[in-house]
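A.B. asks: Here you go, one structure.
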Amino acid sequence: MLNDSLNIKKEQINYETYGEVNSLIDQRYEIIREYYETKDEELSTTLKTEGEKLKESIKEKEEEMKKKYAN
């Protein structure tokens, strides 16, 4: 009887521990997801900015070439 009671308590503790571990795992994945979403947004913004700079640079070079060869 006492042994059964101890086994039940042990199972309850195990389920509580599993629940806590699963909760921590869920939190970890949420943090990782948020991190990569932020990094993705930062990279997207950086690429857009660098692309705009490159387009502007190309336009400037084209203008220089037009002026150089127009004369």
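A.B. asks: Rounded to a whole number, what % of the accessible area of the chain do carbon and sulfur atoms account for, probe 1.4 Å?
C.D. replies: C and S atoms contribute 55 percent here.
A.B. asks: In debye, nearest 20, what is the charge dipole magnitude of the chain about its Cα centre with +1 on Lys and Arg Cβ and -1 on Asp and Glu Cβ, if you could check?
C.D. replies: 520
A.B. asks: Which three extents, in whole angstrom, do the alpha-carbon atoms of the chain cover along their principal axes, largest first?
C.D. replies: Here the spans come out as 105, 10, 5 Å, largest first.
A.B. asks: Determine the gain in length on full extension of the stretch Lys68-Asp40; use 0.36 nm per residue of separation and subtract their C-alpha separation, reporting nm with one decimal. Before the final figure, lay out the partial values.
C.D. replies: Values: separation 28, 0.36 × 28 = 10.08 nm, distance 4.15 nm.
Extending this stretch completely gives an extra 5.9 nm.
A.B. asks: Okay, moving on. Just to be sure I follow the rule: in the chain, considering lysines 8 or more places apart or on different chains, how many pairs have Cα atoms under 29 Å apart?
C.D. replies: The result is 16.
A.B. asks: Continuing with the same structure: Could you state the angle between the C-alpha long axis of helix 2-70 and the longest principal axis of the C-alpha atoms of the chain, as a value from 0 to 90 degrees rounded to the nearest 10?
C.D. replies: Helix 2-70 sits at roughly 0 degrees to that axis.
A.B. asks: Just the number please: accessible area per residue for the chain, 1.4 Å probe, all protein chains included, in Å².
C.D. replies: 101
The values are calculated or read from the model by the stated rules, or taken from the named source; none is laboratory data. Worth saying up front: this structure is predicted, and the values here are computed from it rather than measured. When we count neighbours, we look across all protein chains shown, and the Cβ atoms used for this are built from the backbone with ideal geometry, even at glycine. Calculation scope for accessible area: heavy atoms of the full protein, side chains included, ligands and nucleic acids excluded. Shrake-Rupley method; radii C 1.70, N 1.55, O 1.52, S 1.80 Å.
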